[in-house]
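Written out below as structure tokens is the structure these notes cover.
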Amino acid sequence: MQIVISVLPFEDKAIWERRSSEETRRLTLDYAKCSGCGSCAISCPQDAISMVAVGAEKKNDIVIDMDRCVFCKTCTTICPFNALELDINGIKYKSIVSGDFSADFIDKCERCLKCLDACPRDSLIFEIPEGRITKTKEGLVRRDEDLCIYCARCEAACCDAKVISVRKPARGSIKIDQELCDGCGTCIDACPTNNISFAVKTQLWDAVDPILIGENVAGINLLVNYHREVGEAKFNDYCIYCGKCELVCPVNAIKVDIEYFDKGIVGPWSEALERRKNKNKRPPLKQRKIDVEKCHACGDCVVACPVRGKVLKIVNGMVYILDEDACSGCGLCVNYCPGNAMKLYGPEIRKKTIIKEVPELLEIV
């Protein structure tokens, strides 16, 4: 039996397709829905999924190794954001990790629309009948089931507690080591439900020991007083336990545990859920590439790095990698690069790229 595998790239999605004489399997990734939490990569039994461009504000891109992928539906059924879909001969398989949502938007809703402002995924929409121009009783709120992630922010924002009721797909706990946390805020930027904040903010200036971000740049040493805000990270009640905060934390201060899923899930999918819960493996996140044609040695990546002075440094007008092992893969350098010159890749990725690797400098004085 001949099997043909193809990759169909689109602007808003990616499609991987496997065709044979017996069936056609088509795996679709919706970029708008994907948050880059890594659940698919952690759960994949074939280790076929890797993460690219790891960071907080910039989403992680998914790369699937077609030499390993068997189109088994695990990634689609495990995704908490419903970003992956597998089509087998016209039958579509989506995520089974979902909560419950109920609302009386007709009789009890006052049309205050606070729920729309609270939703982090824009899954709630207010529709006004044709010919109306104001928020009247005739207008209705509706929910896009594909976008809703059951974080319960809408329920908390509603002015009437009886209108909206949300049950999350999972229950769990989040632990943070405040002594390890350096207040970089990566977890806050990464959280898809805006669940994390600083309880108390304190402005710090590293003025006593400024950061040396480079040498011999136009004959001038660049010293930067790095300003940041720190405080104890606070987790609210809108977590869906996707684990992205744990994934991007540069100092490994966060631990997310999934205690149980509200819906009984059996069969092979229960094994995938156990892999996601136990997190026996993490997506490979650390292989740095710098596009030398885009890099202008501005130093933003060096300043943004939480382990400043250990990983990146500017020498002779170029950014060099000092110690790859010191990199935690948090992706702040990717986020803050104004020229999009920096990327992080997983070591198992075989995807051909146009990014050029800068050779490490063996000796830096």
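The values are calculated or read from the model by the stated rules, or taken from the named source; none is laboratory data. All values reported here derive from a predicted model rather than from experimental measurement. Cβ sites come from the backbone with ideal geometry, for glycine too, and all protein chains shown count toward neighbours.
For region 140-190, taking the residues that are among the acidic types (Asp, Glu) and outside the structural domain of ASP117 (by TED's automatic domain parsing), the one that is surrounded by the fewest Cβ atoms within 10 Å (Cβ to Cβ) is identified as GLU179. Among the residues of region 216-226, are any modelled with pLDDT of 50 or more and either closer than 25 Å to CYS305 by Cβ or exposed (fewer than 13 other Cβ atoms within 10 Å of the Cβ) (or both)? The answer is no, given that none of the residues of region 216-226 is modelled with pLDDT of 50 or more and either closer than 25 Å to CYS305 by Cβ or exposed (fewer than 13 other Cβ atoms within 10 Å of the Cβ) (or both).
Regarding region 106-124, can at least one residue be identified that is buried (at least 17 other Cβ atoms within 10 Å of the Cβ), in a strand (DSSP E or B) and either touching a His at 6+ places or on another chain (Cβ under 6 Å) or not assigned by TED's automatic domain parsing to the domain that holds CYS79 (or both)? Within region 106-124, one or more residues are buried (at least 17 other Cβ atoms within 10 Å of the Cβ), in a strand (DSSP E or B) and either touching a His at 6+ places or on another chain (Cβ under 6 Å) or not assigned by TED's automatic domain parsing to the domain that holds CYS79 (or both). Of everything listed in (1) on the phi < 0 side of the Ramachandran plot; (2) buried (at least 20 other Cβ atoms within 10 Å of the Cβ); (3) modelled with pLDDT of 65 or more, the single unmet condition for VAL307 is (2). Can you find a residue that is under 31 Å from the mean Cα position of the chain (by Cα), of a type in the set (Asp, Glu) and assigned to a loop (DSSP other than H, G, I, E, B) anywhere in region 129-145? Checked against the condition, which is being under 31 Å from the mean Cα position of the chain (by Cα), of a type in the set (Asp, Glu) and assigned to a loop (DSSP other than H, G, I, E, B), region 129-145 yields at least one hit. Of all residues in region 167-197, how many are in a strand (DSSP E or B) and hydroxyl-bearing (Ser, Thr, Tyr)? Number of matching residues: 2. Criterion applied to ILE164, ILE106, ILE125 was being touching a Cys at 6+ places or on another chain (Cβ under 8 Å) and farther than 30 Å from LYS73 by Cα, and the one residue passing it is ILE164. Scanning region 95-111 for residues that are within 31 Å of the chain's Cα centre (by Cα) and touching a residue at least 24 places away in the same chain (Cβ under 8 Å) turns up ILE96, VAL97, SER98, GLY99, ASP100, PHE101, SER102, ALA103.
Among the residues of region 70-82, those identified as assigned to a loop (DSSP other than H, G, I, E, B) and either out of contact with any strand residue (DSSP E or B) (no Cβ under 7 Å at 6 or more places or on another chain) or at pLDDT 90 or above (or both) are VAL70, PHE71, CYS72, CYS79, PRO80, PHE81, ASN82.
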